[in-house]
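The values are calculated or read from the model by the stated rules, or taken from the named source; none is laboratory data. Everything quoted here is computed from the prediction, not taken from an experiment. Using ideal geometry, Cβ is built from the backbone for each residue, glycine included, and neighbour counts are taken over all protein chains shown.
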Amino acid sequence: MTASYEDYLRSDHWRHVREAALARAMGRCQNSGCHYRLLSREELAAYPPRGYTLDVHHMTYDRLGHERLDDVLVLCRRCHGAAHGLEFSEEPSPFSEVVAGVVRKLEVEA
């Protein structure tokens, strides 16, 4: 029986990958177009904006279960939603176009 993706996200391996990615990002969204990047780390820690929960986003699923650190990217919830085509504001994140291009490339290669 194959474990589900949700089960994998609860695994020790994913926890280690996630923690390493969050440490690398130093508590910041890695989308260079993120509106929250204007705030300092101290401001984010003291007054986290609504939607500033950090997620670890898979840029590729090619090595799922054996990810390299460059397979994932730390994004705030707003940018993560934009990466998956969800709109959280009237101004779409410029990052959504980058992710859409990566997804199209993966679909063509598959």
> Among all residue pairs at least 6 apart or on different chains, which show Cβ distances below 9 Å where the first residue, located in region 34-46, is within 17 Å of His80 (Cβ to Cβ) and among the aromatic types (Phe, Trp, Tyr) and the second is at pLDDT 80 or above and not in a loop (DSSP other than H, G, I, E, B)?
Replying inline: Tyr36/Cys76; Tyr36/Arg78; Tyr36/Cys79
> So which residues in region 49-59 are assigned to a loop (DSSP other than H, G, I, E, B) and surrounded by 15 or more Cβ atoms within 10 Å (Cβ to Cβ), if there are any at all?
Replying inline: Gly51, Tyr52, Met59
>> What are the pairs with Cβ atoms under 7 angstrom where one residue, in region 62-90, is on the phi > 0 side of the Ramachandran plot and the other, located anywhere, is at pLDDT 85 or above and part of a helix (DSSP H, G or I)? Sequence gap at least six, or different chains.
In response: Gly65/Tyr8; Gly65/His13
>> Step by step: first the residues of region 80-97, then only those that are farther than 22 Å from Trp14 by Cα and crowded, with 18+ Cβ neighbours inside 10 Å, then the one that is modelled with the highest pLDDT. Which residue is that?
In response: Ala82
> Residues of region 1-40 being at pLDDT below 80, within 17 Å of Cys79 (Cα to Cα) and exposed (fewer than 11 other Cβ atoms within 10 Å of the Cβ), which ones?
Replying inline: Leu38
> Among the residues of region 41-79 satisfying the criterion of being β-branched (Val, Ile, Thr) and modelled with pLDDT of 90 or more, which is nearest to Ala25 (Cα to Cα)?
Replying inline: Val74
>> Given the criteria modelled with pLDDT of 60 or more and assigned to a helix (DSSP H, G or I), does Ala100 qualify?
In response: no
